[in-house]
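Here is the structure we will look at.
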Amino acid sequence: MGIRIVGTGSYVPATIRTNADLEKLVDTNDEWIRTRTGIEERRIAGADETSSTMAIQAVERALAQSGIEGQDLDAIVLATITPDHIFPNTAALIQHHFQCKKAFCFDLSAACAGFVSAMETGFSMMKAFPEKYRRVLICGSDKLSVIVDWTDRNTCILFGDGAGCVLLENDGTDTPDCLLTSRLFADGGYTDVLQIPAGGSFMPASEESVRNHKHFIYMEGRETFKLAVNAMVSASEEVLAKAGVTTDQIALVIPHQANLRIIQAVAKRLGVGDDRVYCNIQRYGNTSSASIGLALDEACRTGRLKRGDLVLFTTFGGGLAWGAMLIRY
Ligand SMILES: CC(C)(COP(=O)(O)OP(=O)(O)OC[C@H]1O[C@@H](n2cnc3c(N)ncnc32)[C@H](O)[C@@H]1OP(=O)(O)O)[C@@H](O)C(=O)NCCC(=O)NCCS
């Protein structure tokens with residue numbers, strides 16, 4: 001079996017919101033945001049853009065690169081925490097756009113660990129049922145600007161909108177698979193650290209929930225920071241050990257883009273130099289489910305990655321959900 005990445009794609013909205021723009025919304029400043037997070041600007045989707053429309057743009061690029069037609073997809077796994085609707089699932093909207101009538105579609109909610117979780121799921125489906133799932137689209141797309149409280153300086157500086165995807169194809173040969181090993185974790189005991197309190201069955205939407213800003217991201221920043229570094233490092237070490245790969249052999253680490261200081265702390269503890277760590281957080285902030293897919297696409301298209309390179313993904317987010325994945329591009 002040879003499951004390979006045959007296309008990557010990404011999309012970010014045209015509108016840029018800089019740190020200077022945020023200074024007009026909340027009591028913050030460019031210097032604070034840059035030094036604490038590394039973020040300089042983020043993209044904000046237009047009123048007519050949604051998680052599905054951004055994903056569709058990214059998918060167009062991946063399909064064009066691969067030469068595969070949308071209608072030939074066997075499954076679409078979409079990671080998002082900002083679906084267009086509660087139901088139908090947003091993957092079905094992508095399926096409708098590309099008219100891939102036979103594709104099995106579903107959304108997956110793992111916040112910032114979404115992209116890697118979708119990759120794990122789609123790849124596992126291909127391994128388990130190669131006849132059914134030959135071409136699987138893995139996508140992460142989030143319009144976080146609609147769940148960010150633009151009056152809360154603790155969170156609004158961090159997030160942005162975007163989409164990223166990969167197209168996996170099983171070419172039926174004995175070429176080694178692109179996914180070497182992975183390890184994903186979750187711990188539901190930390191909902192008080194990172195969550196959107198309202199809008200689900202726990203706290204349905206009401207006038208009160210809207211008035212109290214309960215439909216926006218709530219985060220304990222300092223606590224999240226500490227948990228993130230430890231979790232990303234230990235998951236990465238476990239995956240590398242399992243694969244028998246040393247950090248010297250890794251061409252590029254693509255970490256979830258949550259905070260430049262988190263990324264640097266993880267890289268330092270893994271003993272990987274900055275030149276082998278991909279960062280685009282400066283331009284996009286944290287795009288949650290899209291983050292690693294977006295970074296992967298940029299790394300491929302700008303020549304930072306070459307065919308055969310080993311790449312380590314490491315991720316962390318609400319859930320808590322975190323993990324690491326080793327792939328060969
Ligand atoms: C949010 C985060 C940037 C805050 O940085 P920090 O260094 O931990 O800052 P603290 O929360 O300790 O706040 C330090 C001070 O800055 C203030 N502050 C917070 N946000 C601010 C802002 N945007 N501008 C200016 N000051 C701000 C705080 O009120 C606090 O003031 P005080 O000391 O008078 O109480 C950082 O904790 C972080 O990135 N955490 C992880 C976030 C994350 O990854 N989330 C998603 C996981 S996928």
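Can you find even one residue in segment 282-292 that is more than 16 Å from the ligand (Cβ to nearest atom), of a type outside the set (V, I, T) and open to solvent by 20 Å² or more (accessible area, probe 1.4 Å)? Yes: segment 282-292 contains one or more residues that are more than 16 Å from the ligand (Cβ to nearest atom), of a type outside the set (V, I, T) and open to solvent by 20 Å² or more (accessible area, probe 1.4 Å). Just checking, does segment 7-17 include any residue being away from the ligand (no atom under 16 Å from the Cβ), assigned by TED's automatic domain parsing to the domain that holds R135, more than 22 Å from the chain's Cα centre (by Cα) and of a type in the set (V, I, T)? There is no residue in segment 7-17 that is away from the ligand (no atom under 16 Å from the Cβ), assigned by TED's automatic domain parsing to the domain that holds R135, more than 22 Å from the chain's Cα centre (by Cα) and of a type in the set (V, I, T). When I44, I39 are screened for being modelled with pLDDT of 95 or more, among the β-branched types (V, I, T), within 14 Å of the ligand (Cβ to nearest atom) and open to solvent by less than 70 Å² (accessible area, probe 1.4 Å), only I39 passes. Please state which of the following conditions M232 fails to meet, knowing it meets all the rest: (1) more than 14 Å from the ligand (Cβ to nearest atom); (2) open to solvent by less than 10 Å² (accessible area, probe 1.4 Å); (3) over 23 Å from L78 (Cβ atoms). Unmet condition: (1).
Does G188 count as at positive phi and open to solvent by 10 Å² or more (accessible area, probe 1.4 Å)? Answer is no for this residue. Give the residue that is farthest from the ligand (Cβ to nearest atom), with candidates limited to residues of segment 175-185 that are open to solvent by 30 Å² or more (accessible area, probe 1.4 Å) and within 20 Å of the chain's Cα centre (by Cα). The qualifying residue farthest from the ligand (Cβ to nearest atom) is L180. Being in contact (Cβ under 8 Å) with a residue 12 or more places away in the chain and touching a strand residue (DSSP E or B) at 6+ places or on another chain (Cβ under 6 Å) holds for only one residue in I56, I33, I39, I44, and it is I44. I'd like to check something: does segment 271-279 contain any residue that is at negative phi, assigned to a strand (DSSP E or B) and in contact with a strand residue (DSSP E or B) (Cβ under 6 Å, 6 or more places away or on another chain)? Yes, the conditions are met somewhere in segment 271-279. K214: basic (K, R), open to solvent by 30 Å² or more (accessible area, probe 1.4 Å) and at pLDDT 95 or above, yes or no? So K214 passes the test.
The values are calculated or read from the model by the stated rules, or taken from the named source; none is laboratory data. Only a predicted model underlies this, so the values are computations on that prediction, with no experimental measurement involved. Cβ: placed from backbone, ideal geometry, glycine included. Neighbour counts: every protein chain shown. Surface areas here come from the heavy atoms of the whole protein model, side chains and all, with no ligands, DNA or RNA. Shrake-Rupley method; radii C 1.70, N 1.55, O 1.52, S 1.80 Å.
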